[in-house]
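Single-structure report; data block below.
We did not get these values from a lab; they are worked out from the coordinates using the rules stated. The model shown is predicted, which means the values in this text are computed figures rather than measured ones. Don't worry about glycine lacking a Cβ; one is built from the backbone with ideal geometry, like all the others, and counts go over all protein chains shown.
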Amino acid sequence: MSSKSSQRILTVARKELLHILRDPMTLFFTLFMPVMELFLLGYAIDTNVRHVSTVILDQANTQESRALLHRFENSKDFDVVARVYTDEELTRTIVAGRARVGIKIPADYSQQLEAGQTAQLLILVDGTESSVAAEAVNTGNAIALRESLERALGDRELPVEARPTVLFNPDTRSANFFIPGLMVILCQMMASMLAATAIVREKESGTLEQMFMTPVRATELVLGKMLPYLVLTFLEFCLVALLMRTIFQVPIHGVFLTLLMLALPFVLCMLGLGLWISTRASTRDAAMQMTIGTILPSVFLSGYVFPIESMPAPFQWIAKFVPATWMIDASRGVILRGGGWAELWPHCLWLWGLALAMVALSVSRFRKQLA
């Protein structure tokens with residue numbers, strides 16, 4: 001690249017940066033919108049299900065039944081919101097949504113225990129929310145199993161005791177899991193949306209054709225337009241990481257520079273995606289809608305919310321070609337697992353391959369549109 005070409009690229013980049021500084025809405029979207037979304041989603045999302053509203057029907061009303069119910073109340077997973085006296089009231093409370101779980105202890109509960117027989121209790125779980133239902137079922141089974149073991153073994157030690165150890169996130173904090181992935185989604189949204197609207201804005205104002213009356217070439221125009229957004233996206237990425245560490249107390253176990261180097265091809269890929277969208281859209285509203293349409297697959301297919309391993313095989317194959325899949329796993333790998341290049345070099349190869357392919361496709365499409 002010659003010095004004149006570099007000078008033309010920097011001139012276009014300076015023009016674009018001045019436009020960002022003079023446009024309050026663009027500046028607000030660039031600096032404050034991702035931070036606001038970080039706080040909203042960082043505090044709102046919590047995968048740890050606690051304090052599930054529970055209704056109780058204790059037909060036995062004995063010392064044994066009260067002791068069992070006391071276990072449920074002390075588990076911190078169940079909050080007793082009502083006590084009813086008939087099956088109809090129990091069902092009605094759950095149907096009305098006032099309780100997610102219903103616990104029914106039959107009248108012969110204590111008699112069955114004294115006779116040495118299996119005493120049963122009924123746990124009704126509202127299945128409209130799968131995460132709440134799964135937690136309620138698992139906790140209910142664990143409490144019942146613990147009660148059975150204590151009655152069967154008495155004061156004897158358990159013959160087998162499992163001692164699970166949670167690595168990298170021992171407190172199972174939702175912020176530790178979600179925010180490293182949220183950083184990636186916010187940067188994707190920012191880079192692709194700003195890149196798409198930057199070119200479309202020139203189309204709407206009619207200045208795109210005028211710029212080609214100057215010595216600036218198509219490739220130089222694209223590079224000059226994308227350069228400020230590359231820098232701004234990296235600054236935003238660092239700002240979100242700083243807030244993640246200081247406000248949300250998420251530890252960074254790896255080398256942050258490694259994560260920044262992995263973020264470079266990812267951001268380039270998102271800028272290329274924005275450029276490709278700009279060749280398809282004729283207005284900024286259309287560009288925004290198309291960009292939002294690309295964010296949803298990144299959220300649902302990248303492993304950000306749902307594990308990729310639980311998806312059907314065709315979607316697992318598709319997920320490999322979603323850049324956010326590799327970047328989110330790399331972000332969690334560096335921040336939570338303390339991974340380095342020895343573990344993350346496949347992510348680097350995939351991200352650079354996807355970035356080069358997307359940028360080449362977008363520039364080629366941009367040149368054809370101009371021709």
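Just a few scattered comments:
- Take every Cα pair under 8 Å whose residues are at least 6 apart in sequence, average their separation, divide by the length of the chain, and the relative contact order is 19 percent.
- The lysines whose alpha-carbon is closer than 26 Å to the alpha-carbon of residue 225, local same-chain residues fewer than 8 away aside, are 4, 15, 203, 368.
- Candidate lysines for bridging to residue 76, where Cα separation is under 26 Å - those fewer than 8 sequence places away on the same chain excluded: 104
- If R0 equals 22 Å, the separation of the Cβ atoms of residue 111 and residue 153 corresponds to a calculated FRET efficiency of about 0.50.
- Potential lengthening between residue 85 and residue 168 on full extension [0.36 nm per residue; Cα-Cα distance subtracted]: 25.3 nm
- Burial ordering of 298, 278, 6, fewest other beta-carbon atoms within 10 Å first: 6, 298, 278
- Based on C-alpha pairs under 8 angstrom that are at least 6 apart in sequence, the stretch 52-153 has a relative contact order of 31 percent.
- Gyration tensor verdict on the stretch 52-153 (Cα atoms; rounded if a/c is under 1.5, prolate if a/b is larger than b/c, oblate otherwise): oblate
- Helix 3-22 axis, angle to the chain major axis (alpha carbon atoms, nearest 10°): 50
- Rounded to the nearest 500, the helix-only mean residue ellipticity at 222 nm of the chain stands at -22500 deg cm²/dmol, with each DSSP H run of n ≥ 4 adding -39,500 (n - 2.57).
- Counted by neighbouring Cβ atoms within 10 Å, the residues 65, 362 run from fewest to most as 65, 362.
- Listing 326, 345, 352 from fewest to most neighbouring C-beta atoms within 10 Å gives 345, 352, 326.
- Put simply, when 302-313, 163-174, 135-146, 184-195 are sorted by average Cβ atoms within 10 angstrom per residue, most first, you get 184-195, 135-146, 302-313, 163-174.
- Full extension of the segment from residue 285 to residue 71, taken as 0.36 nm per residue of separation minus the current Cα-Cα distance, would add 71.5 nm.
- Derived from the Cα gyration tensor, the three semi-axes of the equivalent ellipsoid of the stretch 235-371 are 28, 18, 16 Å, largest first.
- In the chain, the longest principal axis of the Cα atoms and the axis of helix 218-246 are about 30 degrees apart.
- Taking each residue as 0.36 nm, the span from residue 118 to residue 63 lengthens on full extension beyond its C-alpha to C-alpha distance by 18.1 nm.
- Calculated Rg and Dmax of the Cα atoms in Å (choose from (1) 29.6, 113; (2) 21.3, 67; (3) 28.1, 96), label: (3)
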